[in-house]
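Student: This structure is in structure tokens; I'll ask about it shortly.
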Amino acid sequence: SQVFHGYERWGDTIANITMQRHGNVYSEAYSQAFLDSIEITQTLGRVLEGVELKTTYRRDSQLRRQLYEVARLIRSRNGRSAERDFFFVSIGGWDMHSNMKANLANKFSDINEALKDFVAEMKAQDAW
């Protein structure tokens, strides 16, 4: 589950903290941003709880896990009322000091396989 664990326990405290008014624009903005982030986390968590992908999606690499989450977010676009989304994924390990040719080949192979799985899922979702 992607929700804020302990929300039931801390919900009243969070509400009490964010309802306090201090007459300071920065404090008010921070309190509102904090409350908004908690509410968004809860809403997104509830939406993502029921999301199932259309394909059997492997998550055996960092990039695959990131693209899996992107695929889940895309799958939940109707539940999130999203017209457009922008996603960013990244992988490290590009600073190679030895065996560069073999290491690059492995890195590109991993990227290619992760993208194949992602494209297959997007096609299954009719999002490609």
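Student: So, in region 93-105, of the ones that are without any contact (Cβ under 8 Å) to a residue 12 or more places away in the chain and not in a helix (DSSP H, G or I), which residue ends up surrounded by the most Cβ atoms within 10 Å (Cβ to Cβ)?
Tutor: If we take residues in region 93-105 being without any contact (Cβ under 8 Å) to a residue 12 or more places away in the chain and not in a helix (DSSP H, G or I), then M96 is surrounded by the most Cβ atoms within 10 Å (Cβ to Cβ).
Student: Which one of L53, L63, L67 is modelled with pLDDT of 95 or more, within 30 Å of W128 (Cβ to Cβ), open to solvent by less than 100 Å² (accessible area, probe 1.4 Å) and assigned to a loop (DSSP other than H, G, I, E, B)?
Tutor: The match here is L53.
Student: Somewhere in region 23-43, is a residue outside any helix (DSSP H, G or I) and open to solvent by 90 Å² or more (accessible area, probe 1.4 Å)?
Tutor: Looking through region 23-43, none of the residues is outside any helix (DSSP H, G or I) and open to solvent by 90 Å² or more (accessible area, probe 1.4 Å).
Student: Could I ask something else about it? For region 87-128, give me the residue count where each residue is touching a Phe, Trp or Tyr at 6+ places or on another chain (Cβ under 9 Å) and of a type in the set (D, E).
Tutor: So the count comes out to 2.
Student: Which members of region 48-74 meet the condition of being more than 23 Å from I91 (Cα to Cα) and charged (D, E, K, R)?
Tutor: Listed by number, the residues that qualify are E49, E52, K54.
Student: Can you confirm whether I40 is free of Cβ contacts under 8 Å to residues at least 24 places away in the same chain, within 28 Å of G6 (Cα to Cα) and among the β-branched types (V, I, T)?
Tutor: Yes, satisfied.
Student: Among the residues of region 81-90, is any in a helix (DSSP H, G or I) and within 15 Å of the chain's Cα centre (by Cα)? Can you show your working first?
Tutor: Applying the first criterion (in a helix (DSSP H, G or I)) to region 81-90 yields none.
No, region 81-90 has no match at all.
Student: Which residue pairs have Cβ atoms under 8 Å apart, sit 6 or more places apart or on different chains, and have a first residue in region 24-36 that is farther than 18 Å from F4 by Cβ and a second that is outside any helix (DSSP H, G or I) and at pLDDT below 85?
Tutor: Note: pairs meeting the criteria are E28/R21; E28/H22.
Student: Taking region 75-85 on its own, how many of its residues are at positive phi and open to solvent by less than 50 Å² (accessible area, probe 1.4 Å)?
Tutor: Kept after step one, since they are at positive phi, are these residues of region 75-85: 81.
After this cut, where a residue has to be open to solvent by less than 50 Å² (accessible area, probe 1.4 Å) as well, the list is none.
So the count comes out to 0.
Student: Within region 10-29, work out how many residues are at pLDDT 85 or above and either of a type in the set (D, E) or within 23 Å of the chain's Cα centre (by Cα) (or both).
Tutor: Of the residues in region 10-29, 1 are at pLDDT 85 or above and either of a type in the set (D, E) or within 23 Å of the chain's Cα centre (by Cα) (or both).
Student: Just to check your reading of the model, which residue among F108, F88, F118 is over 22 Å from F4 (Cα atoms), surrounded by 14 or more Cβ atoms within 10 Å (Cβ to Cβ) and of a type in the set (F, W, Y)?
Tutor: F118
Student: Next up: What residue, of L53, L73, is among the hydrophobic types (A, V, I, L, M, F, W, C) and closer than 14 Å to A124 by Cα?
Tutor: When all the criteria are applied, what remains is L53.
Student: Of everything in region 61-101 that's in contact with a helix residue (DSSP H, G or I) (Cβ under 6 Å, 6 or more places away or on another chain) and of a type in the set (A, V, I, L, M, F, W, C), which residue is farthest from T43 (Cα to Cα)?
Tutor: Filtering first and then ranking leaves M96.
Student: Can you pull out every residue in region 3-22 that is open to solvent by 90 Å² or more (accessible area, probe 1.4 Å) and outside any helix (DSSP H, G or I)?
Tutor: Within region 3-22, H5, R21, H22 meet the criteria.
The values are calculated or read from the model by the stated rules, or taken from the named source; none is laboratory data. These numbers were taken from a predicted model, which means no experiment stands behind them. Reconstructed Cβ throughout: ideal geometry from the backbone, glycine too, with neighbour counts over all protein chains shown. To get the accessible areas, we keep the full protein, side chains included, count just its heavy atoms, and leave off ligands, DNA and RNA. Shrake-Rupley method; radii C 1.70, N 1.55, O 1.52, S 1.80 Å.
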